[in-house]
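Novice: Mind having a look at this structure? Questions to follow.
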Amino acid sequence: MKPLLRLACLAALLPGPALAAGQTTVDVYRELIRYRAATVGAEKAFGYDTHAYVSKFLDNPDSLYSDLRIDPPITNEIWWYDFVDSLPIDATEKSDAALDMLQWQGGFTKARIGIDVVVDKASVRAYRGEYAAASAIKAGVDADIFLKAWDMNGRMTTIGAGHAVALQLLRHQVRSNAPETYDALGIKPGVLSRYLQQNNPEKIDAFDQAYLADLLRYALSRQDFTIDTDGHRQLPAAYRVARVAAAFADAGGYLNPHGYCRGNDPHPDEPTRADAIDDNRPLCFVAATDRAVQSWFRRQMRHEASLIRKAHENRDETATRLMAWFSGALLLIDLAGFVEMGEAGLLGEMSAEGAIPEEEAAYAEERANQLTCRLRS
Amino acid sequence: MINRNVLFSVRLGALMLGLSASLAYAGKIETVGQFASGEGVVAMLDGESIFFADAYRAKLIDAQLDTVGNSGTWGRVRHGIHSPTLARMEYVYTKDGRTLRRVYHARSGPAMEVVLSRYDFSPSTDASAGESSANESEGSRPYEISDEDIAKDFAERVYYPADTPFNVRVPNLPLRSDSVIQSRLVGGKDTHKADAELKIFRQIEADINDGIVTRGGTLTGYVSKAMCESCGPASEDLAEHFDINGTIQQLVERDKNTVALDPALEASHTSSEALKNSRKAYASKHFRRNAVTDPGKRSWIGLDSVKALEAEEAGSKAIEPCGD
């Protein structure tokens, strides 16, 4: 038995919560932003950039495979315990549970088999491999959706990943609501069933594609996580999509004879520094943080977009449809890791509620606008 | 020989039968109490909002307005773009034995050129009147439409994705005297011709008359606000004349002076706010002087764009002011 599979089987014997000690479903990041904005104001509370925020949680923020900091400075802040006490977390160690959630929401965790994700034998078969299973399970995408989206999109794995997460979001809505409410809630179960029954990607009609793209784009723009029908937390949509694309890459296999991992670690013959993705090289995805997988996704998406451009110089219907997925939805993943974006959205909400003055929200909005403006110009 | 009473009874019976048959075929579109909510609705209507906002991005660049005006002007531009009513309606019909679908997209108000002509892009405009001071109803304010405006709206099709048999951007249409869809006088004025819902009803009527779609289909609509005063009766006209059934679900804006006791209405208020926040955020990001970009631009494909993202994430990029 392969060492990883043995580890996976051992992990499967552990009770579920062993991998999820102290987990909460409270949106701790959202509460943190609200708490700090309300107590000290936006300008004072958010006087850091994304790099500084990441540095609070990762040992080496410039590494794709960084471990978590053992002593994250955020827990030493004088306000931390007051903040934690204000949270409706039902756990004996509220501070640990809150920190665990911030690490998970921020994309700082990995998908190591038996450590971060339980992978059983059935999952290994269903997702076409243990590494693929680890990333796909962490992304919270069911095996039937995973395989169908892969089959329908072939080499366009980043678009396939977008389809998979959109379909899973739809399945979540279908299962969470009574059929008689579907119309009022804009839930279209036919889009899911038609997709899963279809064998020809050209026959998924424009309406269904647009609906799925709308669902995904909105989930990406919200930048928050969801709780699924089983009460489990699901990663923010951007990290889900990136993880599914990584799972497709692992499931497809590599020409490289030793792959990119050894066990749960990067293969020693492969580069591990931040520039390891410069040549669009795959990572050892299970060992990489969600943020690192997202960084890889950006490059992979552009690689696939350039393939479309080369193959469809005349901008035919297929090219238009595929490019619409990139520019209409998946490009939002570029910005998902920036705390400036999430903070602006949350403070905008607070301002609309009248919880903070307009100027406080305007500060965060301007900071986010400056960032996107620089990136677009 | 049949006596007169029997003949009368037969005629009356035939009349009743005819009436009941015609009533059986008259369609009904439910609009009252149809409170939309939830992520699916917000996601769809947010998609509509981006569809129309992106047309403005292209139009502003084309009209060379992206580098002029001051902060007050751009505050009004943003407001004018994120506040109109949006409607998205899916019409499912049968033609030649096949079930087909056509989705109609509309926003309230006149052509973009007409909207933009309301703003003063000269540098002397008072900068103090920003977005927050704009009237909330300004973006979808009642508007009397002219033939010239209709022509401009039609010409602006170049800023939208091309219409297909399945997807149509609905412009303002010339009002035909034989149309069964008439806007009603509200407060003595006919000011609702440019409402998003009415635009779509008229387009469906035109499509039926032109043989593009057939009568007797099913309409499922979503509107970003409670339906306009004229639109309820107009939807009845559409349903009755063309035997159309369906529902039009509406997001309902919160009235700060009342508390919603109906959970469905409260959920609709919450979703309405979520949509507003999302639309405002998109407008804030894309509509600033010297920072409007062409939505069709593909420069993101280059690796330079990734390197810029990575430099920002690493905190190694010099921060210089961008846009106004």
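Novice: Given (1) in contact (Cβ under 8 Å) with a residue 24 or more places away in the chain; (2) within 10 Å of chain B (Cβ to nearest Cβ); (3) buried (at least 20 other Cβ atoms within 10 Å of the Cβ); (4) of a type in the set (A, V, I, L, M), identify the lone condition not met by A:A305.
Specialist: Among (1) in contact (Cβ under 8 Å) with a residue 24 or more places away in the chain; (2) within 10 Å of chain B (Cβ to nearest Cβ); (3) buried (at least 20 other Cβ atoms within 10 Å of the Cβ); (4) of a type in the set (A, V, I, L, M), A:A305 violates only (1).
Novice: Test each condition in (1) at pLDDT below 85; (2) out of contact with any helix residue (DSSP H, G or I) (no Cβ under 8 Å at 6 or more places or on another chain) for A:D228 and report the one that comes out false.
Specialist: Among (1) at pLDDT below 85; (2) out of contact with any helix residue (DSSP H, G or I) (no Cβ under 8 Å at 6 or more places or on another chain), A:D228 violates only (2).
Novice: Here's a follow-up. I'd like the full set of residues that are crowded, with 20+ Cβ neighbours inside 10 Å and outside any loop (DSSP other than H, G, I, E, B), limited to segment A:35-48.
Specialist: Within segment A:35-48, A:A37, A:A42, A:A45 meet the criteria.
Novice: Please go through (1) within 10 Å of chain B (Cβ to nearest Cβ); (2) surrounded by fewer than 21 Cβ atoms within 10 Å (Cβ to Cβ) for A:F338 and return the number of the only condition it doesn't satisfy.
Specialist: Of (1) within 10 Å of chain B (Cβ to nearest Cβ); (2) surrounded by fewer than 21 Cβ atoms within 10 Å (Cβ to Cβ), only one is false for A:F338: (2).
Novice: Let me ask you something else. In this structure, does A:R299 turn out to be closer than 16 Å to A:A161 by Cα, facing chain B (nearest Cβ under 9 Å) and out of contact with any Gly (no Cβ under 9 Å at 6 or more places or on another chain)?
Specialist: yes
Novice: Test A:A249 against the criterion of being more than 14 Å from every other protein chain (Cβ to nearest Cβ) and either assigned to a helix (DSSP H, G or I) or buried (at least 24 other Cβ atoms within 10 Å of the Cβ) (or both), and give yes or no.
Specialist: Judged against the criteria, A:A249 is a match.
Novice: Separate question: Give the residues of segment B:281-312 that are facing chain A (nearest Cβ under 9 Å) and under 30 Å from B:S37 (Cβ atoms), sorted by residue number.
Specialist: Correct list: B:A281, B:Y282, B:S284, B:K285, B:H286, B:P295.
Novice: Which of the residues that make up segment A:253-298 are in a loop (DSSP other than H, G, I, E, B) and among the hydrophobic types (A, V, I, L, M, F, W, C)?
Specialist: Those that are in a loop (DSSP other than H, G, I, E, B) and among the hydrophobic types (A, V, I, L, M, F, W, C): A:L255, A:L283, A:C284, A:A288.
Novice: Of a type in the set (S, T, N, Q), surrounded by 22 or more Cβ atoms within 10 Å (Cβ to Cβ), more than 9 Å from chain A (Cβ to nearest Cβ) and not in a loop (DSSP other than H, G, I, E, B): is that true of B:S278 in this structure?
Specialist: no
Novice: Scan segment A:49-91 for residues that are without any contact (Cβ under 8 Å) to a residue 40 or more places away in the chain, surrounded by fewer than 15 Cβ atoms within 10 Å (Cβ to Cβ) and not acidic (D, E) and report the count.
Specialist: Here the count works out to 7.
Novice: Being crowded, with 21+ Cβ neighbours inside 10 Å, aliphatic (A, V, I, L, M) and farther than 30 Å from B:F242 by Cα is the filter here, so list the residues in segment B:54-95 that pass it.
Specialist: Scanning segment B:54-95 gives B:A55, B:L60, B:V77, B:I81.
Novice: Considering every residue within segment A:127-134, establish whether at least one is under 14 Å from the mean Cα position of the chain (by Cα), hydrophobic (A, V, I, L, M, F, W, C) and surrounded by fewer than 22 Cβ atoms within 10 Å (Cβ to Cβ).
Specialist: no
Novice: Could you list, in sequence order, the residues of segment B:247-277 that are farther than 13 Å from B:G33 by Cβ and in contact (Cβ under 8 Å) with a residue 12 or more places away in the chain?
Specialist: Matches in segment B:247-277: B:L251, B:E253, B:R254, B:A267, B:H269, B:T270, B:S271, B:S272, B:E273, B:A274, B:L275, B:K276.
Novice: Can you spot a residue in segment B:142-151 that is under 19 Å from the mean Cα position of the chain (by Cα) and at pLDDT below 60?
Specialist: yes
Novice: Next up: Just wondering, is there one or more residues in segment B:197-219 that are modelled with pLDDT of 95 or more and within 14 Å of chain A (Cβ to nearest Cβ)?
Specialist: yes
Novice: Give me the helices (runs of 4 or more DSSP H) completely within segment A:151-212, filtered to those with at least 1 residues that are hydroxyl-bearing (S, T, Y), more than 10 Å from chain B (Cβ to nearest Cβ) and surrounded by 20 or more Cβ atoms within 10 Å (Cβ to Cβ), ordered by residue number.
Specialist: The qualifying helices (runs of 4 or more DSSP H) are A:157-176, A:189-197.
Novice: If A:L99 meets every condition in (1) over 26 Å from A:I145 (Cβ atoms); (2) part of a loop (DSSP other than H, G, I, E, B); (3) aliphatic (A, V, I, L, M) apart from one, which number is that one?
Specialist: With (1) over 26 Å from A:I145 (Cβ atoms); (2) part of a loop (DSSP other than H, G, I, E, B); (3) aliphatic (A, V, I, L, M) applied to A:L99, the lone miss is (2).
Novice: Do you know which of the residues in segment B:53-94 that are among the hydroxyl-bearing types (S, T, Y) and not in a loop (DSSP other than H, G, I, E, B) is nearest to B:K297 (Cα to Cα)?
Specialist: B:Y56
Novice: Of the residues that make up segment A:103-111, is at least one of a type in the set (D, E, K, R), under 19 Å from A:Q234 (Cα atoms) and in contact (Cβ under 8 Å) with a residue 12 or more places away in the chain?
Specialist: Yes, the conditions are met somewhere in segment A:103-111.
Novice: Could you check A:A136 against (1) in a loop (DSSP other than H, G, I, E, B); (2) within 20 Å of A:V293 (Cβ to Cβ) and say which number it fails?
Specialist: That leaves (1) as the condition not met.
Novice: Given (1) in contact with a Gly (Cβ under 9 Å, 6 or more places away or on another chain); (2) modelled with pLDDT of 95 or more, where does A:Y53 come up short, assuming only one miss?
Specialist: (2)
Novice: So, of the residues in segment B:3-51 that are more than 14 Å from chain A (Cβ to nearest Cβ) and either crowded, with 22+ Cβ neighbours inside 10 Å or at pLDDT 80 or above (or both), which turns out to be nearest to B:I248 (Cα to Cα)?
Specialist: B:K28
Novice: Which numbered condition trips up B:G315, out of (1) in contact with a Ser or Thr (Cβ under 8 Å, 6 or more places away or on another chain); (2) modelled with pLDDT of 90 or more; (3) within 11 Å of chain A (Cβ to nearest Cβ)?
Specialist: B:G315 satisfies all of (1) in contact with a Ser or Thr (Cβ under 8 Å, 6 or more places away or on another chain); (2) modelled with pLDDT of 90 or more; (3) within 11 Å of chain A (Cβ to nearest Cβ) except (2).
Novice: Where the second residue is of a type in the set (A, V, I, L, M) and the first is free of Cβ contacts under 8 Å to residues at least 24 places away in the same chain and lies in segment B:156-179, which pairs have Cβ atoms under 8 Å and are six or more apart or on separate chains?
Specialist: Qualifying pairs under 8 Å: B:T164/A:A206.
Novice: Looking at (1) more than 26 Å from A:K148 (Cβ to Cβ); (2) modelled with pLDDT of 90 or more, can you tell me which one A:Q294 breaks?
Specialist: Looking at each condition in turn, A:Q294 falls short on (1).
Novice: From the list A:S86, A:S66, which one is of a type in the set (S, T, N, Q) and within 14 Å of chain B (Cβ to nearest Cβ)?
Specialist: After ruling out the rest, the residue left standing is A:S66.
Novice: Quick check on segment B:226-245. Is at least one of its residues surrounded by 19 or more Cβ atoms within 10 Å (Cβ to Cβ) and on the phi > 0 side of the Ramachandran plot?
Specialist: no
Novice: Any idea how many residues of segment B:248-271 are closer than 27 Å to B:L238 by Cβ and under 19 Å from the mean Cα position of the chain (by Cα)?
Specialist: Summing the residues that are closer than 27 Å to B:L238 by Cβ and under 19 Å from the mean Cα position of the chain (by Cα) in segment B:248-271 gives 8.
Novice: Across segment A:362-377, which residue is surrounded by the fewest Cβ atoms within 10 Å (Cβ to Cβ) among those that are facing chain B (nearest Cβ under 10 Å), closer than 21 Å to A:A37 by Cα and aliphatic (A, V, I, L, M)?
Specialist: A:A362
The values are calculated or read from the model by the stated rules, or taken from the named source; none is laboratory data. Not measured: the values here are computed from a predicted model. Because the Cβ atoms are built from the backbone with ideal geometry, glycine has one as well, and the counts that use them run over all protein chains shown.
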